[in-house]
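Working notes for the structure below.
The values are calculated or read from the model by the stated rules, or taken from the named source; none is laboratory data. This structure is a prediction, so every number in the text was calculated from the model and none was measured. Virtual Cβ from ideal backbone geometry, glycine too; neighbours counted across all protein chains shown. Heads up: the accessible areas ignore ligands, DNA and RNA and are worked out on the full protein's heavy atoms, side chains in. Shrake-Rupley method; radii C 1.70, N 1.55, O 1.52, S 1.80 Å.
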Amino acid sequence: MTRRIEWEKIKIDDIPYESAGAFDVNNDGFLDIVCGEFWYQGPGWAKHKLCNVMKEGEYYDDFSTIPMDINSDGFLDFVTGGWFGQTLYWRENPQGKPVEWITHVIDKCGSIETTRAWDVDGDGELEIVPNTPGNPLVFYKLVKDKYGNGTGQFKKHIASNRPSGHGLGFGDILGNGKGAFILPDGWFEAPKDPLNQEWIFHEEFKLGNSSVPIIVADVNGDKAPELIVGQAHGYGLDYYTQNADASGKKVWTKHPIDPFFSQYHDMQWVDIDGDGICELVTGNRYRAHCGTEPGETDIAGLFYFKWNGESFTKNIIDFGNVPHHSGTGIFFTVIDINGDGLLDIVAPGKEGLFLFINRGPETVGAKG
């Protein structure tokens with residue numbers, strides 16, 4: 001018996017921005033979509049100008065959309081940054097008013113592949129972590145005043161001065177309740193003081209031009225977390241199991257999930273079919289390097305992979321020729337956008353901005 005999800009696909013716009021978030025911009029109780037230079041007012045998706053974004057060839061320098069109330073005014077702002085401007089920014093929500101948003105510099109940190117947010121120090125609040133392949137591994141903590149309010153400023157913390165490489169993840173790799181950073185050539189163990197001490201490096205694998213994020217999850221239920229890694233600029237999607245050799249050294253074993261599709265740049269580990277068990281939701285970043293790499297054709301794909309007890313089963317959400325079908329872009333969002341209890345997908349990219357409404361699982365294969 002299979003639980004197949006029914007999807008309603010809506011193309012919101014033809015815009016080619018590669019990052020999209022969803023949050024309540026104007027505090028009217030409805031989630032809105034924020035993508036590139038515009039935001040789209042839910043539930044009807046009326047389009048509003050947000051700000052201008054620097055263009056470089058096929059790219060717009062806007063590679064993440066992380067919502068956060070940075071100045072504690074009760075309205076959600078967001079964090080972004082890009083490769084070409086080499087700068088991490090936050091854009092200030094004008095309290096829902098129909099005016100353009102002000103962009104503030106967080107740091108000139110080098111070319112940013114994309115950015116994610118994790119609770120790095122375990123205090124229950126998110127820190128901002130850009131993936132800067134040629135620069136050190138750093139993260140940024142929002143500075144708060146004595147009343148606990150955000151000040152609009154961030155403090156920079158250096159986890160390691162090693163070049164980060166292409167790919168970034170964060171999770172409890174040891175199963176001890178402490179987060180670790182995952183990079184393409186190894187992982188960083190948290191020190192006693194994660195904000196002020198250098199993280200401890202373990203060079204245990206070579207993951208290639210890895211996805212952002214690299215997912216840490218106990219896929220097979222053996223209590224030893226696995227790594228799920230996409231090749232962001234080539235073919236391949238794999239997971240790695242961890243074991244110990246005779247000397248006690250950690251050994252990682254690679255297992256294929258999908259070797260036949262390319263540009264798996266972004267992914268999320270969520271319960272997309274509502275059965276209480278997480279699935280891998282991912283797809284391709286169409287024209288990730290503007291057609292110069294293997295697999296960059298006119299095909300876009302969006303999928304979820306379900307663990308069947310022995311391997312992953314691939315399920316198609318969308319697949320086909322651009323501009324009628326969608327991948328993930330560099331930063332897509334999974335969220336219950338209409339409040340029906342089911343997770344939906346906001347998928348940007350050079351192929352346009354799409355919304356996939358989850359209409360719930362249809363049970364097929366049952367006898368009756």
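What the table below lists for this structure:
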item	result
Kirkwood Rh in Å, taken over the stretch 98-231 so that all alpha-carbon pairs contribute	15.7
The stretch 219-272 shape via C-alpha gyration tensor axes, a/c threshold 1.5	oblate
Filtered chymotrypsin sites (Phe, Trp or Tyr not before Pro), the stretch 109-213: DSSP coil and at most 12 other beta carbons within 10 Å	Y147
Kirkwood Rh and Cα Rg combined as Rg over Rh, evaluated for the stretch 1-98	1.03
Magnitude of the charge dipole, the stretch 91-250, Cβ model with Lys/Arg +1 and Asp/Glu -1, debye to 20	420
For the chain, accessible area per residue (1.4 Å probe, heavy atoms of protein chains only), Å²	41
Relative contact order (%) - the chain, alpha-carbon pairs under 8 angstrom, separation at least six	16
Distance histogram for the stretch 302-368 (every C-alpha pair counted, 5 angstrom bins, percent rounded to whole numbers)	3, 15, 19, 22, 19, 13, 5, 2, 1
Approximate spin-label separation N338-T241, in nm, with each point projected 7 Å along Cα-to-Cβ	4.0
Residue (of M54, W7, G36) at the positive-pole extreme of the stretch 1-112, dipole from beta-carbon charges	W7
Value of relative contact order over the stretch 65-165, rounded to a whole percent, pairs C-alpha under 8 Å and six or more apart	21
Percentage relative contact order, the stretch 22-86, counting C-alpha pairs under 8 Å, at least six apart	23
Cα convex hull volume per residue for the stretch 224-368 (Å³)	143
HN-Hα J in Hz across the stretch 95-107 - Karplus 6.51, -1.76, 1.60, θ = phi - 60°, x for Gly and Pro	6, x, 6, x, 10, 6, 7, 8, 9, 10, 7, 8, 6
Accessible area of the chain belonging to carbon and sulfur atoms, whole % at 1.4 Å probe	51
Cα gyration tensor category, rounded, prolate or oblate, for the stretch 165-296 with a/c compared to 1.5	prolate
